[in-house]
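The values are calculated or read from the model by the stated rules, or taken from the named source; none is laboratory data. Model, not experiment: these values are computed from the prediction. All Cβ positions, even for glycine, are placed from backbone atoms using ideal geometry, and neighbour counts span all protein chains on display. Calculation scope for accessible area: heavy atoms of the full protein, side chains included, ligands and nucleic acids excluded. Shrake-Rupley method; radii C 1.70, N 1.55, O 1.52, S 1.80 Å.
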Amino acid sequence: MSINTLAASIIDGLLIGFVYGIAAMGLTLIWGVMEVINLSHGALIALGMFGALLAVQSFGLYPYLAFILVAAFGLVLGIIVYSIAIHRILDAPDLTTLLSTFAVSMIIIGAGTAAFTTSPRNIEFSLGSVNVGSSIILGTKVVAAIIAIITTVLLYLFLYRTRTGKSIRAVANNRAAAELMGIPSTKILALSFGIGTLLAMGSGALIATLFPFTILSGSTYELKSFVIGVLGGLGNPAGSLVGGLILGFIEGLIPNFMDTSWTPVIEFALFVLILLVKPQGLFGSEE
Amino acid sequence: MGSILELQNVSSGYGEVQVLWDISMKMEEGKLTTLIGSNGAGKTTTLRTIMHLIHPWSGKILFRGHDITNKSAHLKVALGLVLVPEGRQLFTNMSIMENLEMGAFSDKARKKMEGNIEKVFELFPRLKERRNQKAGTLSGGEQQMLAIGRGMMAEPDVLMFDEPSLGLAPILVQELFGIVDRLKEQKLTMLLVEQNVHLALTVSDYVYVLTSGRMEIEGPAAEVQKMDKVKKAYLGI
C-alpha cells in the first residue's frame, strides 16, 4: 500500500466525516436544548434520503437543490413532530420521550417500507472525480463536504449572531429564566427540534448522493451520530464536527490495515472508552 | 387608584399542596413594596404565581386594571412585569453582553437596548469591564448585579426581586440596597421579597407580611416597623 493510497482513503473518510458531523449536530442540538434523546433521528435521516430521491427522480431536480428543499421540509416536519409528539411530554420522565421518538421512528420506517419497500435505491448522479496518486476521490463527496461545512458555519452564525439563535442558547441554558426574560420558550423549543430535523434530513439528502440506501439505512447513521455526539460532547455542535471528522478518519484509515467490518468494532470500542474515561466528551459540553 | 399591579384573593400551590390562601395585594405606581415572611411562608410562590410560572388556583391578578391572571410568563414580561428570580438564574454559558441582550427580548425593550446597556454599565461598571466574559465565571455579587441589570434591560414597569441579598457578603448587601434606592429615586415600581427585613423596611414604602400563606399584616413601612409582632418575629428586637 502506497502512502498515496493511504492519504486518499483518509481524505475520503474525512470528507464523509463532515457529513456525519452535521447529522450528529442535529441529534446533539436537540439534546442540548431540551434533553430529549431523539430516537427518530435515524428514520429522519432515511426520510431525507428518500426525499432527495423523490425530488431528483420524480421532479428532475438537481440533487443539491433537492438538499435545500429536503432541509426546508425537515424544518417544518420537525416543528410538527415537536408539537404532536414531544411538547406535552417534555417534562415527563426520560423514558417517555424515548418511547415517543421511537414511535415516530417506527411510523416513518413503516410508512417508508410500504411506500418504497426495503430494496436499495440510489441517486444516479456524478460530478466526476479527482485523482490522488493512483486513487480517486469522487466529486460528489467533495461537494457534500463543502455543503456540510457551509451548513455548520450558517448554524454557528445563527446560534451566535442572531437574536433567535441566542434565545435558543438561552433556552438550552435555563428554560425558566428564558421564559422570565420574555422569550417564548415553547416556540423556541419547537424551532430547535425543527433545526435538529433539518440537519438530520439534510444530511440524509447528502448521503443519498454518495451511497445506495434503504428506508432502514438511517439506523447506521443514527448510531454514528451517537458515537460522534459522545466524542464531541453532547449538546456541543462544534464538537460534533470534530467528532464527525474523527469518525471519518477512522473509517478512512481502518480498511487499509484490516477488514472493513472491523470499522464499527473500533468505532464502538472508542465510544465505550470515551464514556468510561471522559463521559462529558473530548471537548466537554459547556455545562 | 394609582395601583399598577393588584392581586385579588389569589390562592395557589404546587400539585395538591396549597401554599397561598386568598391573598390580596396592591402595588402603587412608583413605590417600593416589600413582602416579608418567614421561610416557607409563600413569598417566592407569590412571585411565581404573579409571573404564571405556577398557575393560580383562584383569584385574579390585575395589571393596570386589566386581568392578566392566565397570561403566560413571556407575555407578562412584554407587558412590563419583570422578575429577577431567586438564585439569579443567569444564562451561565453566555456572555454578560448576551445575558443583557436576552433581558431586552421584548419588542418594547429591544428598541431601547443600546441606551439601557449604557445605563446598566453605569450602575455596574464591573459588568462593563467583563462584558465578554461568560456569566458563569462571575463572582456571586457580580452575578447578582448582572441578574438585576438583566431585569432592568426589560424596560420594566414593575420590577420584582426575589431574595436579592441571599448569599451576598454584608458589604455587597449594602451596595445592593444602594442600587434599589437609586431605582426608587427614578420612580421605578418595585416589589421586593427579602429576608433581610431590617434593611428592606428602611427602603420600602409599603409592607406586606405573609404568615403561612396568609396575608397577616399590611401597612406603610414606618408603621409596620413599629408593630411589636413584626419587631419580635422579624427584627429580633
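All of (1) within 13 Å of another protein chain (Cβ to nearest Cβ); (2) open to solvent by less than 10 Å² (accessible area, probe 1.4 Å); (3) in contact (Cβ under 8 Å) with a residue 40 or more places away in the chain hold for B:T92 with one exception: (2). Checked against (1) assigned to a helix (DSSP H, G or I); (2) of a type outside the set (S, T, N, Q); (3) within 9 Å of chain B (Cβ to nearest Cβ), A:I183 passes all but condition (1).
A:K166 meets the stated requirement of being in a helix (DSSP H, G or I), within 14 Å of chain B (Cβ to nearest Cβ) and not aromatic (F, W, Y). Can B:L188 be described as more than 15 Å from the chain's Cα centre (by Cα) and surrounded by 15 or more Cβ atoms within 10 Å (Cβ to Cβ)? No, not satisfied. Regarding A:L198, is this residue under 11 Å from the mean Cα position of the chain (by Cα), surrounded by fewer than 18 Cβ atoms within 10 Å (Cβ to Cβ) and not small (G, A, S)? Answer is no for this residue. The single condition among (1) touching a helix residue (DSSP H, G or I) at 6+ places or on another chain (Cβ under 7 Å); (2) part of a loop (DSSP other than H, G, I, E, B); (3) without any contact (Cβ under 8 Å) to a residue 60 or more places away in the chain that A:I274 does not meet is (2). Quick one: which residue in B:S139, B:S165, B:S106 is at pLDDT below 95 and in the same structural domain as B:M25 (by TED's automatic domain parsing)? Testing whether each residue is at pLDDT below 95 and in the same structural domain as B:M25 (by TED's automatic domain parsing) leaves just B:S165.
Please work out if B:R131 is of a type in the set (K, R) and farther than 15 Å from A:T164 by Cβ.
yes
Hey, does the range A:25-34 have a residue that's over 12 Å from the mean Cα position of the chain (by Cα) and either closer than 15 Å to A:L206 by Cβ or among the basic types (K, R) (or both)? So far as the range A:25-34 goes, no, none of its residues is over 12 Å from the mean Cα position of the chain (by Cα) and either closer than 15 Å to A:L206 by Cβ or among the basic types (K, R) (or both). Residues that are open to solvent by 20 Å² or more (accessible area, probe 1.4 Å), within 14 Å of chain A (Cβ to nearest Cβ) and either under 14 Å from B:L7 (Cβ atoms) or over 16 Å from the mean Cα position of the chain (by Cα) (or both) within the range B:42-73 comprise B:R48, B:H52, B:H55, B:K71, B:S72, listed in sequence order.
Restricting the search to the range A:56-113, which residues are of a type in the set (G, A, S) and either surrounded by 13 or more Cβ atoms within 10 Å (Cβ to Cβ) or in contact (Cβ under 8 Å) with a residue 12 or more places away in the chain (or both)? Explain how you work it out, then say what you get.
Taking the range A:56-113 and keeping what is of a type in the set (G, A, S), we get A:58, A:60, A:66, A:71-72, A:74, A:78, A:83, A:85, A:92, A:100, A:103, A:105, A:110-112.
Once the filter is applied, which keeps residues that are of a type in the set (G, A, S) and either surrounded by 13 or more Cβ atoms within 10 Å (Cβ to Cβ) or in contact (Cβ under 8 Å) with a residue 12 or more places away in the chain (or both), the range A:56-113 yields A:A66, A:A71, A:A72, A:G74, A:G78, A:S83, A:A85, A:S100, A:A103, A:S105, A:A111, A:G112.
For the range A:118-140, the set of residues classified as of a type in the set (S, T, N, Q) and open to solvent by less than 70 Å² (accessible area, probe 1.4 Å) consists of A:T118, A:S119, A:N122, A:S129, A:S135, A:T140, listed by residue number.
Of a type outside the set (A, V, I, L, M), in a helix (DSSP H, G or I) and either free of Cβ contacts under 8 Å to residues at least 40 places away in the same chain or crowded, with 23+ Cβ neighbours inside 10 Å (or both): which single residue out of A:G235, A:G229 fits that description?
Numbers: A:G235 fails: in a helix (DSSP H, G or I).
Of the residues listed, the single one that is of a type outside the set (A, V, I, L, M), in a helix (DSSP H, G or I) and either free of Cβ contacts under 8 Å to residues at least 40 places away in the same chain or crowded, with 23+ Cβ neighbours inside 10 Å (or both) is A:G229.
Give the range B:79-89 a look and list any residue that's of a type in the set (D, E, K, R) and facing another protein chain (nearest Cβ under 9 Å), or say none.
To start, the set of residues in the range B:79-89 that are of a type in the set (D, E, K, R) comprises B:86, B:88.
Listed by number, the list holds a single entry, B:R88.
Filtered by the rule that a residue be within 19 Å of B:L83 (Cα to Cα) and open to solvent by 20 Å² or more (accessible area, probe 1.4 Å), the range B:191-204 gives B:Q195, B:N196.
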